[in-house]
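Below you'll find the structure, written out as structure tokens, and then a few comments.
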Amino acid sequence: MTVHWTRKDLLGLRELSAEEITLVLETADAFKQVGTREVKKVPALQGKTLINLFIEPSTRTRTSFELAAKRLSADIVNITAAASSLTKGETLKDTAKVLEANHADLIVLRHSSAGAAQFLSTRVRASVINAGDGAHEHPTQGLLDLYTIREKKGAVAGLHVAIIGDILFSRVARSNIFALLKMGARVTLVGPSTLVPREFEQLGAKISHQLDEVLPSADVVNLLRIQHERQRKEYFPGLGEYIRFFGLTKSRAKLLKPDCLIMHPGPINRGVEIDSDLADGPQSVIFDQVTNGLAIRMAVLYLCGGIVTR
Amino acid sequence: MKKDQPPNETRSVRIFDAEALRRALRRIAHEIIERNRHLDGLVLAGIPARGVALAQRLAADIEAIEKVRVATGVIDVSMHRDDLRQRATLPVVRASELPLPLGERTVVIVDDVLFTGRTCRAALDAIGSFGRPASIQFAVLIDRGHRELPIRPDYVGKNLPTSRIERVRVRLQETDREPDAVWLEKSDETPQALSS
């Protein structure tokens, strides 16, 4: 059964069906192959204009979207927080109107407020792609994690995925949880009770505060970054304590199945969430995630940018 | 891609049955052999979905005749099309697969129906992004006319004069799980590029 993409925007994975997620992953297969060609560029979005609107700093996601857009032959403009009129007091709504007046066809938005992408999508005709909105969702990260798991494991259904660390503040965790559960995986969230509150059970995930109990049955461990810039002391006493209980150290990694995948959305705090050698070891697919992110973003831009806009 | 409904018996004419289709492909295989002296440099590259199945069959025919297994491939043209903005639904994109490098090879593009020629143009662009083959040829099961671009096939199973509002429906065992057949159907709908 073939589903067709009908969405102008990609705001989150919560609203996507398993069939739509599969369609994005299969489309990404085709775009991943473009990266191996002599000419790594296709004309699919020729004549379209994409605006990378990054109100919150990001290098890897912005670069990944920029490369994806260029490989699809779109024209692209980057607007970052420091350079935008938002620092001069312009509202997001007015910024959106200005972009629209410049005939933007696609807007990729990174914003510190949850719901910002949704807000923008109802106010512009352009396609809006959520590149992370506060602690809400980061759909392309969720999709590229899923893609990487599917690529390495063959399928997602039936796998046990442990997401470890700062779940509370993580949009990556939310997008992963929605997508993984829809695709039939089991999800266990692991971290200190301050960062992994019981409320997350309502999404359908299991919760644990004992990493050593979860690791032996995991097929995938996804280590989230400890966000120094957002966290205060009250969430955990200190990094040393965090590493002792929740860091993936060499000795703890011995509990893992030999074919368990180690994932991290980056940027890595080596020696905090993960031991430096493990990040470069044979189980790590951290850099595959980056390569796959490009294919996923090409697929998403193609699907949202290619549909007939009313 | 259009949804399949059973052919309307009163308004459709069968052009090929399985046997006629088999013979047409066999003849094309002979013509490909005749024109290409170095079969080991040949790639039969099908356009999804039915072109891929036809390329496989042609390769099997050539092997039966000449005892040489020629290379096959897939060219997905979706990301090279010029009508993305005119379509209500996007074509499903598949990964292209071509043996590399292409430099010394002759690529034969294989498709089921040739209509406007726009798919073939997209295929030429797609192949170009993999490299520069020595030459490119074009094989189609049915040429129904109405070209919008200066494109001409090298191998044709059947020239089928049609009006724009008619449809050519190709069915293959591998892709459609139906007996091999080609139908010409009158349609009440507005003209469109079905399997163009």
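Every number here is computed from the coordinates shown, using simple stated rules; none is lab data. Bear in mind that the values here come from a model prediction, so they are computed numbers and not experimental data. Quick reminder, even Gly has a Cβ in these numbers, built from the backbone with ideal geometry, and neighbours come from all protein chains shown.
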Quiz item: Over chain A, what number does the Rg to Rh ratio reach, with both radii from the alpha-carbon atoms and Rh per Kirkwood?
Solution: 0.97
Quiz prompt | Stretch gain in nm, segment A:Ala157-A:Thr63, where the contour uses 0.36 nm per residue and the Cα spacing is subtracted | solution = 30.7 nm
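Sort segment B:31-115 into rounded, prolate or oblate with this rule: let a ≥ b ≥ c be the square roots of the eigenvalues of the Cα gyration tensor; rounded if a/c is under 1.5, and if a/c is not under 1.5, prolate when a/b is larger than b/c, oblate otherwise. Intermediate values should be presented prior to the final figure.
Numbers: a/c = 2.58, a/b = 2.02, b/c = 1.27.
Prolate, since a/c reaches 1.5 and a/b exceeds b/c.
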Self-check item: Max mean-square fluctuation residue, GNM over chain B, Cα-Cα springs under 10 Å, options B:Asp111, B:Asp154, B:Asp76
Solution: B:Asp154
Quiz item: So how tilted is helix A:60-71 from the main axis of chain A? Cα-based, degrees 0 to 90, rounded to 10.
Solution: 40 degrees
Quiz item: What ranking of A:Leu25, A:Leu13 emerges when the number of other C-beta atoms within 10 Å of each C-beta is taken as an exposure proxy, fewest first?
Solution: A:Leu25, A:Leu13
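Quick one: what do you get for segment A:106-235 if you divide its Cα Rg by 2.2 N^0.38 Å?
Numbers: Rg = 15.4 Å, N = 130, 2.2 N^0.38 = 14.0 Å.
That ratio works out to 1.10.
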Quiz item: What size of dipole, in debye to the nearest 20, comes out for segment B:19-162 about its Cα centre when the only charges are +1 on Lys and Arg C-beta atoms and -1 on Asp and Glu C-beta atoms?
Solution: 240 debye
Quiz prompt | Exposed-site-free run, longest, chain B (rule: GluC sites (Glu not before Pro); DSSP loop; at most 12 other C-beta within 10 Å) | solution = B:10-103
Quiz item: Could you give the Stokes-Einstein D for segment B:19-162 in µm² per second, using the C-alpha Kirkwood radius, 10 °C, 1.306 mPa s?
Solution: 104 µm²/s
Quiz item: Picking from B:Gln137, B:Gln173, B:Gln56, which is most flexible by a Gaussian network model of chain B using Cα springs under 10 Å?
Solution: B:Gln173
Quiz item: Hey, how many Å between the Cα centroid of segment A:7-22 and the Cα centroid of segment A:128-184?
Solution: 13 Å
Quiz item: In nm, to one decimal, how far is the modelled label at A:Thr291 from the one at A:Thr36, with both set 7 Å along Cα→Cβ?
Solution: 0.9 nm
Exercise. If a/c stays under 1.5 just call it rounded; otherwise compare a/b with b/c (prolate if a/b is bigger, oblate if not). Do that for segment A:172-310, with a ≥ b ≥ c from the square roots of the Cα gyration tensor eigenvalues.
Key: prolate
Exercise. For each of A:Tyr242, A:Tyr235, A:Tyr302, count neighbouring Cβ atoms within 10 Å of the residue's Cβ, then give the residues from fewest to most.
Key: A:Tyr235, A:Tyr242, A:Tyr302
Exercise. Using only Cα atoms, locate the centre of segment A:52-73 and the centre of segment B:13-60, then give the distance between them in Å, rounded to an integer.
Key: 44 Å
Quiz item: Which of these, B:Thr116, B:Thr72, B:Thr175, has the largest mean-square fluctuation under a Gaussian network model of chain B (Cα springs below 10 Å)?
Solution: B:Thr175
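Taking a threshold of 18 Å on the Cα-Cα distance, which of the pairs A:Lys153/A:Lys250; A:Lys153/A:Lys257; A:Lys70/A:Lys97; A:Lys8/A:Lys32; A:Lys152/A:Lys257; A:Lys153/A:Lys206 fall above it? Each step should come with its number before you reach the end.
Numbers: A:Lys153/A:Lys250 23 Å; A:Lys153/A:Lys257 13 Å; A:Lys70/A:Lys97 24 Å; A:Lys8/A:Lys32 22 Å; A:Lys152/A:Lys257 15 Å; A:Lys153/A:Lys206 22 Å.
In this structure, A:Lys153/A:Lys250; A:Lys70/A:Lys97; A:Lys8/A:Lys32; A:Lys153/A:Lys206 lie more than 18 Å apart at Cα.
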Practice problem: Averaging sequence separations of C-alpha pairs under 8 Å and six or more residues apart, then dividing by the length of chain B, give the relative contact order as a whole percent. | Solution: 25 percent
Exercise. With a Förster radius of 22 Å, plug the Cβ-Cβ distance of B:Val13 and B:Ile151 into 1/(1 + (r/R0)^6) and report the FRET value to the nearest 0.05.
Key: 0.25
Quiz item: Going through segment A:186-287, which GluC sites (Glu not before Pro) have at most 10 other Cβ atoms within 10 Å and a DSSP loop state?
Solution: A:Glu229
Exercise. Would you work out the relative contact order for chain A, in percent, from Cα pairs under 8 angstrom that are 6 or more residues apart?
Key: 21 percent
Exercise. Pop out the ³J(HN,Hα) list for segment A:259-275 in order, Karplus 6.51 cos²θ - 1.76 cosθ + 1.60 with θ = phi - 60°, rounded to Hz; leave Gly and Pro as x.
Key: 9, 6, 7, 10, 10, 7, x, x, x, 7, 8, 4, x, 9, 5, 8, 5
